[in-house]
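FYI, it's all coordinate maths here, none of it is from the lab. The structure displayed is predicted, hence computed values, not measured ones. FYI the Cβ positions are ideal-geometry reconstructions off the backbone, even for glycines, and counts take in every protein chain you see.
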There are 2 protein chains.
Amino acid sequence: MKRDVDNLLRERGLSAALVIKGEIPNFTFRYLVGPPAAHLSTGILVWKAGQTPHLVHGMMERDSAAATGFERSDFGAHGFRKMMEEEGSRDAAMARLLAKVLSDMNVRGPVLVHGTADVGRYYHVLNRLRSLAPQIEIAQDEDLGLFELARATKDPEEIAAVRTVAAACGRAYERIRSVIGGGHLEGTKLKDAEGWVTVGRLRREVRRVFFEANLEEPHGNIIAMGRDAGVPHNQGDDAAVLEEGRPIVIDLYPAQSGGGYYFDVTRTLCVGRAPAELSELHATVREAVQRTVDGLAPEAPARMYQEKVCDFFESKGHRTIRQDERLEEGYIHGLGHGIGLEVHERPNLGGIPQNRDRLSPGTLFTIEPGLYYPSRQLGIRIEDVVYARPDGTFENLTPVPYDLEVAPASS
Amino acid sequence: MKRDVDNLLRERGLSAALVIKGEIPNFTFRYLVGPPAAHLSTGILVWKAGQTPHLVHGMMERDSAAATGFERSDFGAHGFRKMMEEEGSRDAAMARLLAKVLSDMNVRGPVLVHGTADVGRYYHVLNRLRSLAPQIEIAQDEDLGLFELARATKDPEEIAAVRTVAAACGRAYERIRSVIGGGHLEGTKLKDAEGWVTVGRLRREVRRVFFEANLEEPHGNIIAMGRDAGVPHNQGDDAAVLEEGRPIVIDLYPAQSGGGYYFDVTRTLCVGRAPAELSELHATVREAVQRTVDGLAPEAPARMYQEKVCDFFESKGHRTIRQDERLEEGYIHGLGHGIGLEVHERPNLGGIPQNRDRLSPGTLFTIEPGLYYPSRQLGIRIEDVVYARPDGTFENLTPVPYDLEVAPASS
């Protein structure tokens, strides 16, 4: 939570955090600044424990900067243009500006630098900063980063935002089921009044639902049938016509427009009756979700649930990623991930054995086992989002039924 | 252009470019990879002059990686998970992976590193890489970066993509004019069958036009009236009801969904009759655009046009940013910027006197002078996009009329 940032800085022995915002999204900047961040195209934030943060901003964004409630100064007040003229280079001028701002704020010792920008350029900017400001060090963040840790536990208003996105996802799946239910089979293929029902048609329907909810899909979505369902990140072929009895993996991960909160949910559907092999795989994955949800405990190590799901799938005769990191068939990925302002946050319910992430109260994370057999045109994934409530209980936030089969209209 | 990358690597004495893609957008990765990049959430691209690029990708994205046509290997083939287990840290493992990939590809000497990720973490990753791979150096990019320079000149298919976005912007302004034209004044305020016509209403209309054109607005837009029009990056107040005779700055910068091309256009409108002061300011800004467009010459220094516009505005009694970098009233920003996969690219038609960007054939850039007097509730900006054609002529790609006044229905 945001109020943890000061304590984490102290615990980790850091004098300050220096958060740099360029035109590329910086979700930690957004987190620390709040909604006014949407109107700040660039900025430098100096965060010292126990003090009002200081924001350096552009003059054209002075009103948005004022809305943050932070202390502030504009680039011009530091003579940034003169620095650029003297240096003849943005990078050298940026190093001077950072050195001046840190010096003005009397920062000494280890500084956590966080910015999303070109890492090659900033390698040299930060080297230059070190020579200009020998009183500071550029701290090495821990594997579980300070801001990753703070952001992993959500405030109630963050959960409220996520719930609104969850509700829109529920409507998107309702819409998909209603389109399939309103079609009829011609041979094995689905058709309705608009023509053949394709993957692209479903994607357009989803896009419209999210448009109406003021959401966007910065990373797209997955609507993948048959073999595509068997390769987890294949987004699916818009031209493919829905066919009876084939798995359709539908993974939706929209966010609030303008840089807000994500939701992430997957269901696997099938038009009409599912073959026995598909039904059985679906039931196995469904059981893996249920076993995980039933076994959740506050502060439990997140990695443990990945082990348990691997145990379960292996007991059913499936190969798993812990046996072979290059596996293409079976259970080939991690169990889940935190979610918030980014679609993938901490805790990580997968990864390596050394992963020490925990399901602390306040965390919000996905549980998304899957089984993949592209050689047999099969893939199943089911994904829910669970909230570890402050009272130690867990709440499944996913308002979407699990049913595999969706019956078309009788023709 | 993309075909320039190899020559630029040779001219700048670089052995290779190392382009790192994490989950944050990397527009150079997108540029080099093309549309399949939309389905690669992570990747490492090694680009050596005259060779097929090599892509390291995740196993779950093997089909998307194959679609690039590059040579490729998956993270598992390099033993990345084992590296993480041995190091117990993503950063240390990433340094080892980068060192191994560069060594496998026999890269020695200066390497241009380009990635959009956390610059603080990568400062340490790259330091560790240097110690693991002493045969390479991390090159310092020039102020006009190698990829910035390549991307500044557009291929014909890039221009074709931009034209489709331009056309949708044209429809968005038509829609705005039609909403205003369909309203009537009650007192000084605009109303129609849906109620008071607000800034938020216009924003919704624009969003719908872009939705229907499969565009998105990653940076939002500006629809700013009165004082807000006078602070260039104020996005405007959704609750404000349109009022007769006040300037409304409308700056739209949508992009193709899924990480495609931008357009960027600004018009200043006014409901009903404009006061003389507003009309005069508008005519002055309109003249600044026209003078600039009329004076364009191939290979001309981009900064020169900023000087000329400052000359012109100063001759009309306005103060300009070259007189004071902290200016709040008058002409307070640069004249324009390149546009493409990002809303702000090179060339830069502003900046510092040392700016050596040129309007080379193939460049695509905005011309967007403005005058701002927030203390008088006034702001005007007009922005066109111009294409420097390979034949040495210039084409204005902006299909939007300049007219300031939009008459509501007579009530």
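Some notes on this structure:
- Gyration tensor (alpha-carbon) shape descriptor, segment A:257-411, a/c threshold 1.5: oblate
- Ranking of B:SER315, A:SER73 by count of other Cβ atoms within 10 Å, fewest first: B:SER315, A:SER73
- Considering only beta bridges that DSSP places wholly inside the protein assembly as shown, some 75 percent are antiparallel.
- Label 7 Å beyond Cα on the Cβ vector: A:GLY88 copy-to-copy distances, nm: 4.8
- Antiparallel beta bridges, as assigned by DSSP with both residues in segment B:4-150, represent about 40 percent of the total such bridges.
- Think of each Lys and Arg Cβ as +1 and each Asp and Glu Cβ as -1; about the Cα centre, that makes the dipole of segment A:278-321 roughly 100 debye.
- With contacts taken as Cα pairs under 8 Å and at least 6 residues apart, segment A:32-154 reaches a relative contact order of 17 percent.
- Hydrodynamic analysis of segment A:210-331 uses the Kirkwood radius over alpha carbon pairs. Inserted into Stokes-Einstein at 10 °C and 1.306 mPa s, it gives a translational diffusion coefficient of 96 µm²/s.
- Nm distances between copies for B:GLU314, ranked from closest, using label points 7 Å along Cα→Cβ: 7.6
- Other residues lying with their Cβ under 9 Å from the Cβ of B:VAL197 contribute a combined charge of +1, Lys and Arg counting +1, Asp and Glu -1.
- Inter-chain shielding of A:98-105 (mean C-beta neighbours from other protein chains, 10 Å cut-off): 0
- If the segment from B:SER131 to B:THR52 were pulled out straight at 0.36 nm per residue, it would be longer than the present Cα-Cα gap by 25.7 nm.
- Cα gyration tensor shape for segment B:153-406, rounded if a/c is under 1.5, else prolate or oblate: oblate
- The alpha-carbon atoms of segment A:4-150, seen along their principal axes, cover 40, 34, 27 angstrom, with the largest extent given first.
- Dipole moment magnitude, nearest 20 debye, segment B:1-80 about Cα centre, only Lys, Arg, Asp, Glu C-beta charged: 200
- Global form of segment A:187-267, assessed from the alpha-carbon gyration tensor, a/c cut-off 1.5: oblate
- Label distances, nm, A:ASP403 versus same residue in remaining copies, Cβ-directed 7 Å point: 5.5
- Order of A:TYR402, B:TYR253 under a 10 Å beta carbon neighbour criterion, fewest first: A:TYR402, B:TYR253
- GNM flexibility winner over chain A from A:GLY295, A:GLY230, A:GLY350 (Cα, springs under 10 Å): A:GLY295
- For B:GLN140 and B:GLU85, the difference between the fully extended length at 0.36 nm per residue and the C-alpha to C-alpha distance is 16.6 nm.
- The largest-to-smallest principal axis extents of the Cα set in the protein assembly as shown are 82, 68, 57 Å.
- Fewest-first ordering of B:SER131, A:SER178 by other beta carbons within 10 Å of each residue's beta carbon gives B:SER131, A:SER178.
- Cα centre as origin, Lys/Arg/Asp/Glu Cβ charges: segment A:4-150 dipole, Debye: 380
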